[in-house]
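Report on the following structure.
The values are calculated or read from the model by the stated rules, or taken from the named source; none is laboratory data. From a predicted model like this one, the values you see are computed outputs, not experimental measurements. All Cβ positions, even for glycine, are placed from backbone atoms using ideal geometry, and neighbour counts span all protein chains on display. Heads up: the accessible areas ignore ligands, DNA and RNA and are worked out on the full protein's heavy atoms, side chains in. Shrake-Rupley method; radii C 1.70, N 1.55, O 1.52, S 1.80 Å.
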Amino acid sequence: MHVISRKKLREFWEKHADSYDALDNWYKAASRAKWSSLAEVQEIYSTAEAVGNFTVFNIKGNKYRLVVDIVYAEATIFIKYVLTHAEYDRDKWKNDLYY
């Protein structure tokens, strides 16, 4: 999968250093993946779930949430949001037009 863009991950782990390993591992795994459905994503990340049009990953034991848009036909993952659990729960990310 082509992941766009690692910059959002980097900006987040610069503020939340404890997220680095988990986000970097997710990036490496997602970049190597050839997912064609949510079911295939869940084979690796069992807690990944569809929320609206996005896929949400629990990061670092659910301390953080990674919200992405996966376009399976194009093998592309667009990183939309990297949030603390508290930020995720505020639901502001759900105002995204593509939600």
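By accessible area, using a 1.4 Å probe on protein heavy atoms only, the chain has 48% of its surface on carbon and sulfur. Each residue of region 82-94 was assigned a 3J(HN,Hα) from its phi angle through the Karplus curve 6.51 cos²θ - 1.76 cosθ + 1.60 (θ = phi - 60°); the sequence is 10, 10, 6, 4, 5, 5, 4, 5, 6, 6, 4, 5, 6 Hz, with glycine and proline shown as x. If you sort the three axes of the alpha carbon gyration tensor as a ≥ b ≥ c, you get a/c of 1.5 or more for region 28-99 and a/b no higher than b/c, which makes it oblate. If you only keep lysine pairs separated by 8 or more in sequence, or across chains, how many in region 16-99 come under 19 Å at the Cα atoms? Total qualifying Lys-Lys pairs in region 16-99 comes to 8. Rounded to the nearest 0.05, the FRET efficiency derived from the C-beta distance between N53 and D24 at R0 = 25 Å is 0.45.
Relative to the compact-globule scaling 2.2 N^0.38 Å, provide the ratio for the alpha-carbon radius of gyration of region 1-69. Kindly include the intermediate steps, with their values, before the conclusion.
On the way: Rg = 11.6 Å, N = 69, 2.2 N^0.38 = 11.0 Å.
Rounded to two decimals, the normalised Rg is 1.05.
Hey, what did the chain get for relative contact order, percent, Cα under 8 Å, at least 6 apart?
Details: 132 pairs, mean separation 27.5, N = 99.
Contact order relative to length: 28 percent.
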